[in-house]
Amino acid sequence: MVHIPITPQGDAEPAVVRDIQHYMRPGLLQLPSLPPLSLYVHLPWCLKKCPYCDFNSHEFRAGASTGAEVPEQRYIDALMADLEAALPLVWGRSVHSIFIGGGTPSLFSPAAIDRLIGDIRARLRLEPDCEITMEANPGTFEKDRFRAFRAAGVTRLSVGVQSFNDQHLKALGRVHDRAQAMAAVEEAAASFDTFNLDIMYALPGQTLPELEQDLQTALAFKPPHISIYHLTIEPNTYFAKFPPAIPEDDQAYAMLDRITEMTGQAGMARYEISAYAQPGHQCFHNTNYWQFGDYLGIGAGAHSKLSFAHRVVRQVRFRDPARYMDNALAGHAVAQDDEVRRADLPFEYMLNALRLRKGFALQDFMARTGLPLTAIAKGLEVAERKGLIERDMAHVRPTERGFDFLSDLQELFLAD
């Protein structure tokens, strides 16, 4: 559903291995407490690379002609080696959510997912109500497969439908059709108490009535949660080289207004810029991202953001799956390890927190960044003057205008 963006890069040498004392040394920040911790697990393979996708995903051609299979066991061995090497950085902390993303994680067998979750439980302390989400695509769907993932310990499925229109699915390069999408959603609804549908809009050639039809079909399943994304043309994708004709901005805005209207009529609240949920079904894992919580990312190309008493650190694992497995099994999965500059923390915080409809508490800004409120005073003043936020002595939230011009709002907090 949500991946933290991965900056395109070549896999260089492993980052310098640092022990916990390096992260605990004195520094410029003063964090009074540590935020909730989540775990992100990246399974990088998919059946086919979609032309709009800029995630770290890799086509996997299986079948009789190749004799190849996804290297499930070796990859999970690498994930566990990666996790064990990272344990000192999160020692004593509980994990509130796990997100198994990709790629297409549902390419992995239920037995492999069962092993993965069991191996994680053996190494980390999970909260009793730990949310365990897994992404799945209708193109990898088969009867009772989702039920088997539930039995393996997955509590929440995120189904990458994107559209229920065969013409648009073909334009997006998806490997499933409308019928497979419908069957997969039915199975998800029958197997899980809560699940998410990923839908895209402003698709090549899409009209407003076609968008309405997609949403009507989705809402007929009474999904607890829908993530809805505007199709964007990202660099280094097939669509960047061969751009399709997509709706103009005015038409896309009209589509978004209709989405918000129709989901609202179905009892769903827009709690984040791209997320709509029934009461009690907000995704904790993604909300933890937006609230500038911590996450440990394991797997090829995975990102981590970890807080310590005097600093915030970001890490990136090796992107190439084969290289990742070799390095992780040798104890060197981390390709980049950088401390976030004090001057960059206000923008990094706002890049996340302002995505939430309810905004953020000023106290939380200080707790998550270790900075005083003076660090954002100027940006808040300008944002309020432009009508992009409303605030009181304790809280800041984006206005409707702020939500519509979110990038402009966030940029007010860039370092000089």
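The values are calculated or read from the model by the stated rules, or taken from the named source; none is laboratory data. From a predicted model like this one, the values you see are computed outputs, not experimental measurements. So basically every Cβ, Gly included, is an ideal-geometry build from the backbone, and we count neighbours across all protein chains shown. For accessibility, only protein heavy atoms count, side chains too; no ligands or nucleic acids. Shrake-Rupley method; radii C 1.70, N 1.55, O 1.52, S 1.80 Å.
A few comments on the model shown:
- Using θ = phi - 60° and Karplus 6.51 cos²θ - 1.76 cosθ + 1.60, couplings along segment 305-313 (whole Hz; Gly, Pro as x): 9, 10, 9, 10, 4, 10, 6, 10, 10
- Computed over segment 342-415, relative contact order equals 41 percent, with contacts defined as Cα pairs under 8 Å that lie 6+ residues apart.
- Exposed loop sites here are GluC sites (Glu not before Pro) assigned a DSSP state other than H, G, I, E or B and surrounded by at most 12 other beta carbons within 10 Å; excluding them, the longest clear run of the chain is 249-416.
- Solvent-accessible area, 1.4 Å probe, carbon plus sulfur percent, for the chain: 53
- Taking amide H as placed 1.01 Å from N in the peptide plane, Gly297 has its amide H under 5 Å from the amide H of Tyr40, Ser304, Lys305, each at least 5 places away in sequence or on another chain.
- Excluding the site residues themselves, the longest part of the chain lacking any trypsin sites (Lys or Arg not before Pro) in a DSSP loop with at most 10 other Cβ atoms within 10 Å is 144-416.
- Simple label model, 7 Å out from Cα along Cβ direction - Arg147 to Glu390, nm: 4.9
- Computed lengthening from Asn236 to Ser109, 0.36 nm per intervening residue step minus Cα-Cα distance: 42.7 nm
- Sum of side-chain charges, Ala85 neighbourhood, beta-carbon under 15 Å (Lys, Arg +1; Asp, Glu -1): -4
- Å³ per residue enclosed by the Cα convex hull of segment 342-415: 74
- Extension gain, Lys378 back to Arg93 (0.36 nm per residue minus Cα-Cα distance, nm): 99.1 nm
- Bridge orientation summary for the chain: considering DSSP beta bridges with both residues in this region, about 40 percent are antiparallel.
- Pairs from the list Lys241/Lys358; Lys305/Lys378; Lys170/Lys222; Lys241/Lys305 with a Cα-Cα gap above 30 Å: Lys241/Lys358; Lys241/Lys305.
- For segment 272-379, size of Cβ-based charge dipole, Lys and Arg +1, Asp and Glu -1, in debye: 260
- Neighbourhood charge, 10 Å Cβ-Cβ cut-off, centred on Pro138 and excluding it, Lys, Arg +1 and Asp, Glu -1: 0
- Intensity falloff of the chain expressed as log10 I(q)/I(0), Debye formula with alpha-carbon point scatterers, at q = 0.14 Å⁻¹: -1.44
- Average Cα contact separation per residue, the chain, under 8 Å, 6 or more apart, as relative contact order %: 20
- Using 0.36 nm per residue and subtracting the Cα-Cα separation, the extra length available between Phe405 and Val16 on full extension is 136.1 nm.
- Accessible area per residue for the chain is 43 Å², calculated with a 1.4 Å probe on protein heavy atoms, without ligands, DNA or RNA.
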